Amino acid sequence: MMPDPTVATVESSPTGKGDLLSRVSVGRISEVIVDQIRMLIRQGQLSAGDRLPSERELCERFGVSRVTVREALRVLEANGLVEIRVGARGGAFVTAPSSRLVGAGIADLISLATLTAVEITEARMVFELGIVALVCERATDEDVAALRAICDRSGAALENDDYPLELSAEWHTRFAVATHNRAVAMLVESLHDPLVHSLERAREVAPLHGRQGVEEHRALVDAVAARDAGAATDLMRTHLLRTAERVSGMESAERT
C-alpha cells in the first residue's frame, strides 16, 4: 500500500528527541507539526519537562519557515501541551496535562452539542457512585480533613446567604482526589464546569438546593472517615438523585 501523502510520519532515532520529527509538505503545515508533536507526547516519546528543539532546529527538521513553527507552538501552548519560556534557558517545554483545560473543552462540547443538565447528572451518577468504595478504602486523614474544610467554608457561606456552587464542585473534585487514582481525579476535575452548570439548573428549581447538599457532604465525609462504604454509597446516591430529579423536572416542563 502506498503511503498517504497527507499524513506526516515520525522518524525514530536514538540520537535525541529532535530526531523523532520529520519534514512535512501538506496544506496547513502548522497543523501537521502540532499533530506530530501531540503524537509523540501521547506515545510517551516526549514527556513533561522535555525541551523541544529550538525554533531554528524545528524549521530545519520540518523544512518550514519560522513563522510556521511559531504558529504551531502557539497552538500547542493554547492547548496546554507546551509552555513557552523566555530567557537564556528558555524555549518550548512539554507540560504536564491540565485536567481543567480538558474540562474547559468538555464545557465547550456541551454547549455545542447541547447536552442537557440531565445527561450531565446521569453521567455523574455512573461515575461518582463508582468511586465511593475506592475513597472509603484509600482516603487518608489529610483527605478527610480537606473535605471537612470545604464543608466548613460551605457552611460559612450559607450563613451569609452566599453559597457559590463552585464550592460544591470543589468538594466533589477533592472527593475524587481521595481515590489516590490520578486518572479518576483528572476525569472528575475535567467535569468541574459541566457540574456547576447542572447545579445552576437545579438551583433554578430549588433556590435552597445547596443547603441540603452541604449537609450531605458532611455526612459523606463522616461515612468515609468510618470506612463505611455502604452508608457512603447510599448518601451519594441520594445526593445525586435529588439533583437529577430537579433538573429532569425542569427540562420536562420546558418541553411541554
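The values are calculated or read from the model by the stated rules, or taken from the named source; none is laboratory data. Computed from a predicted model, the values in this text were never measured in an experiment. What goes into the accessible areas is simple: the full protein's heavy atoms, side chains included, and nothing from ligands, DNA or RNA. Shrake-Rupley method; radii C 1.70, N 1.55, O 1.52, S 1.80 Å.
Annotations for the structure displayed:
- Between amide H atoms placed 1.01 Å from N, distances below 5 Å from V82 occur with E77, T95, all of them 5 or more places distant or on a separate chain.
- Accessible surface, the range 119-256, averaged per residue in Å² (probe 1.4 Å): 48
- Gain in span if fully extended, A78 to R237, counting 0.36 nm per residue against the direct Cα distance: 53.5 nm
- Surface composition of the range 145-215: carbon plus sulfur atoms hold 53% of the accessible area, using a 1.4 angstrom probe and ignoring ligands, DNA and RNA.
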